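Nothing in this text is a laboratory measurement; each read-out follows from the coordinates by a stated rule. Predicted model, so just to flag it, every value in this text is computed and none were measured. Every residue, glycine among them, receives a Cβ derived from its backbone with ideal geometry; neighbour counts consider all protein chains shown.
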Amino acid sequence: MLDNLTIEKTSKLLSEKQVSALEITNNYLKKIKDSNKLNCFITVSDEKAIDAAKQTDKRISNNEKIGLLDGVPLAYKDLFCTDGILTTASSKILSNFIPTYESTVTANCKNQGAVVLGKLNCDEFAMGSTNKTSFYGPVINPWKSIGNDEDLVPGGSSGGSAAAVAADLCVASLGTDTGGSIRQPASFTGLVGLKPTYGRVSRWGTVAFASSLDQAGPISKTVEDAAILLETISGHDNKDSTSSLKENELFYSNLNSSVKNLKIGVPKEYMSDDLPEEIQKFWNEGKKILTENGAELVEISLPSTNTALPAYYIIAPAEASSNLSRYDGVKYGLRVKEKSLIEMYESTRSEGFGDEVKRRIMIGTYVLSSGYYDAYYIKAQKIRSIIKNDFDNVFKNVDAIFTPATPNTAFPINREEIDPVQNYLNDIFTVPANLAGLPAISIPFGLDNSGLPIGMQLITNSFEEQMLLNISKNLQDTINFSNQPIQWWA
Amino acid sequence: MNNNWQTVIGIEIHAQVNSNSKLFSSSSTEFGSAPNTQVSLVDAAMPGMLPVINKFCIEQAVKSGLGLNAKINKISIFDRKNYFYQDLPQGYQISQFKDPIVGEGSIEIDIEGTKKVIGIERLHLEQDAGKSLHDQDPKLTFVDLNRSGIALMEIVSKPDMSSPEEAVAYIRKVRTILRYLDTCDGNMEQGSLRADINISVRKEGDELGTRCEIKNLNSFKHINAAINFEVDRQIKIIEGGEKIKQETRLYDVVADKTRSMRSKEDAHDYRYFPDPDLLPLKLDQDWIDKLKKDLPELPDEKKARFIELYKISEYDAEVLTSDRLTSRYFEDVATNRNAKLAVSWVASELFAILNKLNLSIEKSPVNSKQLGELIDEIESGVISNRAAKEVFEEMCESDKSVKDIINDKGLVQISDTSEIEKFIDQVLIDNPDNVQKYKEGKTKLLGFFIGEVMKATKGKANPGLLNQIVKKKLDN
Amino acid sequence: MEFDKNSTLKLAKLARLSLNDEQLNSLEKDLTSIVSFIDQLKEINTDKIDPTSNSLNQDLILREDIAENSLSNEDLLKNVPESELGFFVVPKVLE
C-alpha cells in the first residue's frame, strides 16, 4: 500500500486516515537509504521531512481540511534554494552553501504541507543531458536493457529528479528545464515531465543557468500529478521581473481528457531517417490514438527547426557565462586561497567548476566578446525570433504539436564521447519549445525492444498548459503505460 | 606654451539617484550605516536572486532627462556589463548600453557673461558598486556592499568643452539642475556626484587627438587642477615628438598629478548583452507629459524671471539661482520688499556669514522670515543700514527677535527732523573754521559735518535726512 | 574558427579560469568543434529580423520605492569563506 504512490493516491490514503504521513515518509526515507547505488540524492533532509510529516498528521488528527500535497513526500532538484538545507547545483563551487532563503517554487509546495525528502542530483548547474557532469557523480538510471547489466544514464540535467521518481524514492519531484532537462530524463525513465510556459513559474531562488530559458516543472508518475504540482508552483511572483501576470489556473480540477475536434500538428521537419524505428513506431501509434479519439491530425511545417539547436548553444552559454560570474569565492561557496585577487578568482573557479561548465562559460564568453557579439549572440536572438514566429504561425491552425521527446532512449553511462556536440544533439526535439517559451510535456508511451522507455512530446501555445495536460491525459488513459523498472539496486 | 593648442573635453557624470531604496532591490540607500547592513540577497548576488526595478528611479531619470532638455526614449533596455571585481557581487553591472532611457539634450553654461551650449549625448541608469577599503589590514581588502546596487544616472556630455572653466561650469550646471529637480543631492564629498573627464588636445584645425580619461573626480578644485595638469602633460608629450597613449588615468590629489591606471590594451571586454532577467522598459507618453508638466522651475527660467521681476543684475540672478534653496530663500525675502536690499543682504551679508560658519543655506542661523523682518526695519527707516548689520550679527548668535535686538541695543534711528537739527546746530557751533572754509568753496567738508553728527548721535541719525539738512543749513 | 592556445587563454582570462596544459588542449579541440557547430547559423539570412532576448511578451514590472533592510549582517555573512568585522575580505587589491 505504501509503494508506488501518486500524489492523488497519497492524498486519498491520508484523508481517509488509512495511513499516517509519518509512515509514508519513513517508508520513503528507508527506500532512499537503500538506493545508494542510484546516487539520486545529494542531501536527504530526513529530520525536516519527519517534522513536516508530523505536522500533517497533527492537522489530520485535528480534522483540519488538508490540501492535495499535504503530507506528500517530494524531492527537489538541487538547483532550488532551500532554507537551511545544503543547495549545491551539483557543483563543487557551491558544495558548502546553505541558503537562508527558500525558492518561490519550493516555498509554494511547503505552504501546501508537502514533505521534502531531500535534494536531488543533477548535471552541474543543469548543464548536460546525461547527469554525468555532476560533482557528486552520475545518477544511474533505474531502468536497464533486457539481459544487459550495463549502467545507463537517466538523462539530464534533472537526472536525479527523474531517477528518484522512477525508482519510487519519492512520490514526485521538481526539476528545471532549459533545453529539455525535464522532458528528456522523464522520457528516459518512463515518466511525465512538464516544462511550463516561460514566465508561468517564478525563477526566484532557483540557481540560474540560462535566465531567458529556465523554467521549473514537475516530474511525476501521472498527468494528474503533473497538474497538481503545476497548479502549486505557478503564479505571479513580484520578485521575478519575468514572471507572468496571468491569473493562476486550477489545472487539476479542470483536467479532462477530451481531444475531440482538436487539431494536432505533426511537424514534417521532425521526421528523419535517423530516428530509431521504435521511436517512429510509437510516434505513429500516438497519431493513430489521437485520430481515433476524435482529434484531427495536420501535417505542419516548422521550417527553422534545424537552427534551434545551434542558436540554443549560443544563447544558453552566453547567459550562463554571465550568470556564473557571481561564483567568485568572495561571498559564499568555495574559495581557494591565493595571494592576489585575480589568482583567487581563477583558482576558485577552476577548481570549483567541472569541465562541461567550463566549456560553456568559455563558449558563452566567446560569443559575447567584442567582435563576435553580432555574428553569434545577436544572430542567435534573431533565429529565436524566427523560431517563435514559426510556432506563432502554426498555432493559428493547430491546438497542439505532437513529436517524439528524444531522438534516442537511455544510453550507457560509459558510452564513448567523441566530442561535446554529440551530447548536445540529445536536446534536438526539446530545445525549440524553450527558445519560443512554449509549454511542453513528455509522456511515456512504451518500451523499445531492449525494454527501455520511450516518451513522446506535446507542445501547445503559450499559457495553454490546460490543453497540454488534457491531451496528455487522453493519451495516458488510452496507452495505459504501467511498466516499472525491475528493482536491482536495493 | 599653450599657443594654438585646443583642448577638447567630454564629461561623464555619475549622479546618485535620490531614492529610498536601491535600483533593483529594496535595501535602503541611507549614507553612513554600519558596513554590510543595507545589503539584500539580491545586492549580494546570492544564487537565484533576481532584479526588480524601482519605479521611482525611472521617474527620477526621466525628470533629469527633461531637465537636461533631452529626448526621453520610450523603450529602453537594461544590459549586463560583465567584469570581475571584489565590489561587484554579480560579476556584472546592470547598466544601459545601446538603448538608454534618455537620449540627446543640451544645457547652457555661462562663463563671466559668455554663454555656451553644451550637448548631452545620453543619460542612462545603472547600479553603483560596493566600496573597498584598502587601509584596514596589511594583507586584505575589506568590502562593504551597502552602496552596491544604488541607482546611478550616468550623464554623458558631447566633447563640447574646451577649458577647465567650462568643464567646471558644465558640472556645476548639471548639478544645479539635478538639485532643483531633487533627483540627486549633488553631495560630492559623499560621492553622490562624481565625474570622469575625457581630455584630448589638438592644434587648431587638426582632427581630434587621442584622449585620456581621468576617473572618479569628486571636487571642483580637483577637476580644475586635474584638467590643467593633463592638458600640459599631453601638450608636452606631443611637442616632445611623442604620441599620446589612450588610457585611463587617476588624479593623485597629494602630488597634484594624473597617473596611468590602465592602458587601452588592458581595457576590459565588457561583453554587454541585454539582461535576460529584465524585459524592455516601456514608457507611456502621457506619463512623460505629466512629469514634464509638473517639473519645477529650472535655473535658467528662474534666472530670467528674477532679472525681469526683481530688476536685478544678471550676475546677482546667477548667484541667487545657483541653488534651489538659495533662490527660494531669496524669493521669500524679496517678495513685497525692496529687491535691491534683498539681493545685497542675501548675496553679501548672509553668504559671508554662511561661508564663515561653513554652513549650507538650509542650516542658516537666520531664516528668510527673520531676514525679511530686518529689512522691513531698514525700509521703514527705523534703523540705518549700518545699525542693521549690528542687528544681523546678533541675530546669527541669538534667538532674539529683530525688534528686541533693536530695542535692547538702542539702535532706533533718529528720524525726527528737529532732533537731528539740534545735533547739527551744535556741530556747526563747535566748528566755525570749517564752516567758513565750506562757505569759501571747500564743499568736500560736507562729509566731515555728517561724520561729526553721526559720532554725536552714535550712528543713529537717519543718514538721508541728515545729509539733506546739513546741506541746507550750510548752503543758506 | 580554430581555437589555438592564445585565443583559448585569452577567453579563459576574461572568464577568470586558469587552465593547465591538458585542459587547454582539450578545450581548444572542444571549442573548435562547438564553434563549427554554431557556425551553421551563418548561412541563415536574418537581415530583416529583430532579435528576441526574452520570449515573454509583457511590460517590465515595476516596484514601489519602499526601503527595507531585510537581511542582517550575520545572515549576509552566513556562507562567507572569509570575513572581518562584518566586511567581506579578499586578498589585498592595489589601486
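Spherically averaged projected area of the convex hull of Cα atoms, region B:417-475: 3.4 nm². Can you give the FRET efficiency to the nearest 0.05 for residue B:396 and residue B:252, using r as the Cβ-Cβ distance and R₀ = 35 Å? Efficiency computed from Cβ-Cβ geometry: 0.35. Rounded if a/c is under 1.5, else prolate if a/b beats b/c, else oblate: with a ≥ b ≥ c from the C-alpha gyration tensor eigenvalues square-rooted, which is region A:7-261? Rounded. Shape analysis of region B:5-288 based on the Cα gyration tensor places the equivalent ellipsoid semi-axes at 31, 24, 18 Å, largest first. With each label modelled as a point 7 angstrom along the Cα→C-beta vector, the residue B:71-residue A:285 pair spans 6.2 nm. The alpha carbon gyration tensor of chain A gives principal lengths a ≥ b ≥ c with a/c below 1.5, which makes the shape rounded. Convex hull volume of the C-alpha atoms in chain C, normalised per residue: 280 Å³. For chain B, a crude dipole built from +1 on the beta carbon of Lys and Arg and -1 on the beta carbon of Asp and Glu, taken about the Cα centre, is about 500 debye to the nearest 20. Rounded to the nearest whole Hz, the Karplus-based 3J(HN,Hα) values (6.51 cos²θ - 1.76 cosθ + 1.60, θ = phi - 60°) of region A:44-60 follow the sequence 9, 9, 5, 4, 5, 5, 5, 4, 5, 4, 4, 4, 4, 4, 5, 4, 5, with x at glycine and proline.
In sequence order, region A:21-33 has phi-based couplings of 4, 5, 4, 4, 4, 4, 4, 5, 4, 5, 4, 5, 4 Hz under the Karplus curve 6.51 cos²θ - 1.76 cosθ + 1.60, θ = phi - 60°, and Gly or Pro positions carry x. Based on the alpha-carbon gyration tensor of region A:269-395 and its eigenvalue square roots a ≥ b ≥ c, which shape applies: rounded if a/c is under 1.5, prolate if not and a/b is larger than b/c, or oblate? The shape class here is prolate. Set Lys and Arg Cβ to +1 and Asp and Glu Cβ to -1, take the dipole of region A:7-261 about its Cα centre, and tell me which of A:28, A:91, A:158 lies farthest positive. Farthest towards the positive end: A:28.
For the Cα trace of chain B, dividing Rg by the Kirkwood Rh returns an Rg/Rh value of 1.12.
Each Lys and Arg Cβ is given +1 and each Asp and Glu Cβ -1; about its Cα centre, chain A then shows a dipole of about 820 debye.
For residue B:216, the amide hydrogen comes within under 5 Å of the amide hydrogens of B:195, B:196, B:197, counting only partners 5 or more places away or on other chains and with H modelled in the peptide plane. Here r is the Cβ-Cβ distance between residue B:285 and residue A:392 and R0 is 30 Å; the resulting FRET efficiency, rounded to 0.05, is 0.60. With a cut-off of 15 Å between beta carbons, the residues surrounding residue A:105 carry a summed charge of -1, where Lys and Arg count +1 and Asp and Glu -1. Axis angle, to the nearest 10 degrees, between helix B:55-67 and the longest C-alpha principal axis of chain B: 60 degrees.
Arranged from fewest to most other beta-carbon atoms within 10 Å of their beta carbon, B:305, B:147 become B:305, B:147.
Dimensions of region B:297-409 along the principal axes, based on C-alpha atoms and rounded to the nearest Å, stand at 43, 30, 18, largest first. Relative to the compact-globule estimate of 2.2 N^0.38 Å, the Cα radius of gyration of region A:60-209 comes out at 1.04. Calculated on C-alpha atoms, the gyration radius of region B:48-194 divided by its Kirkwood radius gives an Rg/Rh of 1.02.
With both labels modelled 7 Å from their Cα along Cα-to-Cβ, the residue A:484 to residue B:239 distance reads 9.2 nm. Dipole size of the protein assembly as shown about its Cα centre, with +1 on Lys/Arg Cβ and -1 on Asp/Glu Cβ: approximately 1180 debye, rounded to the nearest 20. Counting neighbouring Cβ atoms within 10 Å and putting the fewest first, the residues B:57, A:109, B:396 line up as B:396, A:109, B:57.
Counting beta carbons within 10 Å around each of B:170, B:180 and listing the fewest first gives the order B:180, B:170. For the protein assembly as shown, the Cα gyration tensor yields ellipsoid semi-axes of 74, 32, 26 Å (square root of five times each eigenvalue, largest first, whole Å). Computed from Cα atoms, the angle from the helix B:324-334 axis to the main principal axis of chain B rounds to 20 degrees.
Between residue B:3 and residue B:218, the FRET efficiency from the beta-carbon distance, with R0 = 30 Å, is close to 0.40. Put simply, the amide H of residue B:122, placed in the peptide plane, has neighbours under 5 Å in B:156, leaving out anything fewer than 5 places away on its chain. The helix-based estimate of mean residue ellipticity at 222 nm for the protein assembly as shown, built from -39,500 (n - 2.57) per DSSP H run of four or more residues and divided by its residue count, is -11000 deg cm²/dmol to the nearest 500. Residues in region A:387-413 near a label at residue A:274, defined as backbone nitrogen under 11 Å from the 7 Å Cα→Cβ point? Correct set: A:407-408. Amide H contacts of residue A:300 (H built 1.01 Å from N, in plane; Pro and chain starts excluded): A:266, A:268 sit under 5 Å, all sequence-distant by 5 or more or on other chains. Dipole orientation for the protein assembly as shown: of the candidates B:427, B:151, A:404, B:427 has the Cα lying most toward the positive pole (charges on Cβ; Lys, Arg +1; Asp, Glu -1).
What's the longest piece of chain A with no exposed GluC sites (Glu not before Pro), counting a site as exposed if DSSP puts it in a loop and it has at most 12 other beta carbons within 10 Å? Longest gap between qualifying sites, sites excluded: A:248-415. Compared with the alpha-carbon gap, the fully stretched path from residue B:328 to residue B:304 is longer by 7.2 nm at 0.36 nm per residue.
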